[in-house]
1. Of everything in the range 232-252 that's part of a loop (DSSP other than H, G, I, E, B) and crowded, with 20+ Cβ neighbours inside 10 Å, which residue is modelled with the lowest pLDDT?
2. Please work out which residue is surrounded by the fewest Cβ atoms within 10 Å (Cβ to Cβ), limiting yourself to the range 280-328 and to residues that are over 22 Å from Ile448 (Cβ atoms) and acidic (Asp, Glu).
3. Do we find that Leu454 is under 26 Å from the mean Cα position of the chain (by Cα), at pLDDT 95 or above and assigned to a helix (DSSP H, G or I) in this structure?
4. Looking at the structure I just gave you, is Gln500 within 24 Å of Gly546 (Cα to Cα), touching a residue at least 12 places away in the same chain (Cβ under 8 Å), part of a helix (DSSP H, G or I) and not aliphatic (A, V, I, L, M)?
5. Within the range 509-520, is even one residue touching a strand residue (DSSP E or B) at 6+ places or on another chain (Cβ under 9 Å), part of a loop (DSSP other than H, G, I, E, B) and not small (Gly, Ala, Ser)?
6. Report, by residue number, each residue of the range 421-454 that is aliphatic (A, V, I, L, M) and either under 16 Å from Thr304 (Cβ atoms) or in contact with a strand residue (DSSP E or B) (Cβ under 9 Å, 6 or more places away or on another chain) (or both).
7. Examine the range 372-393 for a residue that is modelled with pLDDT under 95, outside any loop (DSSP other than H, G, I, E, B), of a type in the set (A, V, I, L, M, F, W, C) and within 26 Å of Asp253 (Cβ to Cβ), and state whether such a residue exists.
8. For the range 535-549, does any single residue satisfy the condition of being closer than 15 Å to Met462 by Cβ and either outside any loop (DSSP other than H, G, I, E, B) or touching a His at 6+ places or on another chain (Cβ under 8 Å) (or both)?
Amino acid sequence: MSATPETPRPIPAHFEWEGQRYTHTVPSVEDWEIYKLSEDREAFIKLLEAASEERIIQEHGDNLADLLSKTIFSEQERTKTEPWKVDPPQERGYWKRLAKLLATHSLDEDEPATAEEAAQSILRRIVHRYSEEIVGTFKIPTFRFARRFLTFFFGRLLNAASGRTFTSLFSKKILLEEKLLVRGYVNQVRELSQKGTVVLVPTHFSNLDSILIGYALDQVAGLEAMSFGAGLNLYNTGYTAYFMNRLGAYRVDRRKRNQVYMTTLKMMSKLLIQRGVPSLFFPGGTRSRSGALETKLKLGLLGTAVEAQRARYQAGRDDKVFIVPVILSYPFVLEAQFLIEQHLRREGQDRYIKAKDSFHSLRSILKFVWGVFSKGNEITISLGQPLDVLGNRVEATGKSYALSGRHVSTREYFRDQHGRINEDLQRESEYTRLLANRIVERYHADGIVLASHLVSYAAFAMLERSFPKDDLYALLRLPAEDFYFNEAALIQVVEQLRDQLLVMEREDRAKLSQELREPGRNIIRHGIESIGNYHIDKPLHYDRVGRIVSDNFSLLHYYHNRLSTYRLKSKIRRWPQEMIGDERKE
């Protein structure tokens, strides 16, 4: 068994571990960029329409009629097969009429025109319709009510959790920053938010992510409210629609995949960032079904930050766009069972039966939050090392530095051979790929590894090692109730993995929570206590005689995956002799 490591963290000085509650960088909501945008909504929509039309004609001008025909057809199919309550009235008739106008080359029912004039007129109508749908509003009274409600909601739950009973609901005050932890390069991000525009790019594990990030950044980190995309399906219900319509979210309809809509959506993001509105989007696109950190990011919205930076330089501006990776560390994830079964069914085809995602139940949300806090758990939000749009490290001064440590000028990357700032979408797509790779690196370097992550990873690694001839699906078909994990063996594996993570931490490739500084036995206890206190079928727990068992190997695999992209198994040098016990043989 290895010795307990020293407690000091040899991590870059800017990474902050001690939590606190910060004052707002911009105290008055009336001065927030998202509010100014809402007040200027009509002018912004016109700008969005013009920019979207220009980009579509630039890319599809030679076959505009064909593009419009495909767009209208896809919309007619959508209104027929996937109608939603939030859709405008008479929408099927609207798209049917546009199809007729395109076919007859008319500006309206009675006025003939050239094919080009008709196509451009129809394009303007479609882009206007999309723009009006996408651009949201921000109402200060609604925001303040939502802030008070969430403060009450989280505060009361934390108070109750402290007393382990609802009778303590209004007892002593528990500070939010003691349970909702904002760590990382917080002060640096706060300073950069005063020098340029911050774009947050979080990992995505749960439907709670947006609420938790938004609330924590406002009430703990003291940053301005962010503009973010919200699924149009959230507007189907009255209460949700009321708040989403007034909290600065822009609407995203995932049913619409046509090029006109996608271009308008991307131009929305670009113009927001170019204007200076702090923004947030999930570059992974959706929740991680496997439980692993994202390694392949979607480049569409990420590329809008690169374009926005170039457009600023073209306009003679020097203010920069700062990309901030955000990594969430939950002790357990509410939707884990549903997500891993979805992932396994997709990867293994018909080997898994569809699970019901019960997250949308208010009761399940309350149970989840209560389960987290009543067991003494914490949710950690880590603000990663800020980057410029090329993936270079950025200091609090706003200056960019390459991996070699050399100071670089971001502006110079956007010049042509004649020294002029110019638009080059192919060049900018390469920059976007570089940026995506650097974000993935910082996800791993700045995401805080919890005891539950490490213990799950070690236990599943032991399961794999014990049945070397079985593939993943054969392992998951094993009857979990018939096996238990040898605790002494688990301690050995956990400590080897922890020691390797400490090496990675010194190299700025990982961050470890404080409990991982303790002996292996304590790490296992911390991990099992946190990971097993929500799920009915527990990934790991102690049985009645004190043995470590799993009720569900699929869930254990999900939590194991949180460290899977660190590739630690090859670093285990000493596998114990007896790792898995089989009750059937005893």
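The values are calculated or read from the model by the stated rules, or taken from the named source; none is laboratory data. Bear in mind that the values here come from a model prediction, so they are computed numbers and not experimental data. Cβ placement follows ideal geometry from the backbone for every residue including glycine, while neighbour counts extend to all protein chains displayed.
1. Among residues in the range 232-252 that are part of a loop (DSSP other than H, G, I, E, B) and crowded, with 20+ Cβ neighbours inside 10 Å, the one modelled with the lowest pLDDT is Gly248.
2. Looking at the filtered set, the residue picked out is Asp318.
3. Judged against the criteria, Leu454 is a match.
4. no
5. Taking every residue of the range 509-520 in turn, none turns out to be touching a strand residue (DSSP E or B) at 6+ places or on another chain (Cβ under 9 Å), part of a loop (DSSP other than H, G, I, E, B) and not small (Gly, Ala, Ser).
6. Matches in the range 421-454: Ile421, Leu425, Leu434, Leu435, Ala436, Ile439, Val440, Ala445, Ile448, Val449, Leu450, Leu454.
7. No, the range 372-393 contains no residue that is modelled with pLDDT under 95, outside any loop (DSSP other than H, G, I, E, B), of a type in the set (A, V, I, L, M, F, W, C) and within 26 Å of Asp253 (Cβ to Cβ).
8. The answer is yes, given that some residue of the range 535-549 is closer than 15 Å to Met462 by Cβ and either outside any loop (DSSP other than H, G, I, E, B) or touching a His at 6+ places or on another chain (Cβ under 8 Å) (or both).
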